[in-house]
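Engineer: Supplied in structure tokens, the structure appears directly below.
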Amino acid sequence: MSGLLEILAATSLVLGGALTFIAALGVLRMPDVYIRMHASTKAGTLGVLLIALALVFMGADAGVVSKAVAVFAFVLLTAPIGAHLIARAAWRGGQTPWQWRPSSGAGADPPGRP
Amino acid sequence: MIIETELTGVMATAVNLAALFLVGAFVLAAVRLIIGPTLPDRVVALDLLTMLVVAFLTLFALASGVGAYLDAALALALVGFLATIAFARFVDLTPEQNPGERR
């Protein structure tokens, strides 16, 4: 039985690590602050969820498991609120959402790049 | 081996693979934090870095078996949220820095 839990925990760990990496990749590569936020908030939250879930699977006692659940609950509650606040501030600050312009070619000339 | 752990077998491999992914994510988020052309970009990158540190502390608590790292992750999740809110207010109250990029 512990073998099954170990496999579940290992799968969650690798998936969580990969998702956080994808989130960071999106933050680096996406053309606009709003799309970057979209990558970081959703993929990053799910990555933290999966890594905390691995701790729940491998958890030795109730204290560790409850703390892991609390970490995940805080991240899940606070990440959308923070992203919303940053997006509102960026919108009020005059950031124009990125638009794909066929004349300039795919991926060319994203706003905000020097 | 990135993290020295007492775990064996498939769990040790998974922990090291996840740590490798997280280190790569740290590098990418730090690059965006440095080059980010506008202030909101940097705030987004900093928010992601806080989330990555929370994930790494959780992973390290699992790898080392020391539960105190989980307390640190819990505290950082709360403090990071407050920092994000403060930075968002700061962005809101700061005049536009690069007027030339509005199209």
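Engineer: Charges only on Cβ, +1 for Lys and Arg, -1 for Asp and Glu: so what's the dipole of the protein assembly as shown about the Cα centre, in debye to the nearest 20? Before the final figure, lay out each step's value.
Structural biologist: Values: 13 positive and 12 negative charges, 168 e Å.
So the magnitude is around 800 debye.
Engineer: HN-Hα J couplings of the range A:38-49 from phi, Karplus 6.51/-1.76/1.60, θ = phi - 60°, integer Hz, Gly and Pro as x?
Structural biologist: So the J values, rounded to whole Hz, are 4, 5, 5, 6, 6, 5, x, 4, 5, x, 4, 4.
Engineer: Follow-up. Quick one: plug the Kirkwood hydrodynamic radius of the range B:9-93 (C-alpha pairs) into Stokes-Einstein at 25 °C, 0.890 mPa s, and report D in µm²/s.
Structural biologist: Once the numbers are plugged in, D ends up at 176 µm²/s.
Engineer: May I pose another question? In whole Å, what are the extents of the range A:1-102 along the principal axes defined by its C-alpha atoms, from largest to smallest?
Structural biologist: 55, 28, 13
Engineer: Diagonalise the Cα gyration tensor of the protein assembly as shown and give the resulting equivalent ellipsoid semi-axes, square root of 5 times each eigenvalue, largest first, whole Å.
Structural biologist: One finds semi-axes of 35, 18, 12 Å for the protein assembly as shown.
Engineer: On to the next question. Could you give me the ³J(HN,Hα) list for the range A:6-16, computed from phi with Karplus coefficients 6.51, -1.76, 1.60 and θ = phi - 60°, whole Hz, x at Gly and Pro?
Structural biologist: Rounded to whole hertz, the list is 5, 5, 4, 5, 5, 4, 4, 5, 5, 5, x.
Engineer: Sorting A:8, A:13 on the 10 Å Cβ count, fewest up front, what's the list?
Structural biologist: Arranged by neighbour count, lowest to highest, A:8, A:13 become A:8, A:13.
Engineer: What does the charge dipole of chain A about its Cα centre add up to, to the nearest 20 debye, if the Cβ of each Lys and Arg holds +1 and the Cβ of each Asp and Glu holds -1?
Structural biologist: Charge dipole, chain A, about its Cα centre: 460 debye, nearest 20.
We did not get these values from a lab; they are worked out from the coordinates using the rules stated. What you are looking at is a predicted structure, and each value in this text was computed from that prediction instead of being measured. Note that we place each Cβ from the backbone using ideal geometry, even for glycine, and neighbour counts take in every protein chain shown.
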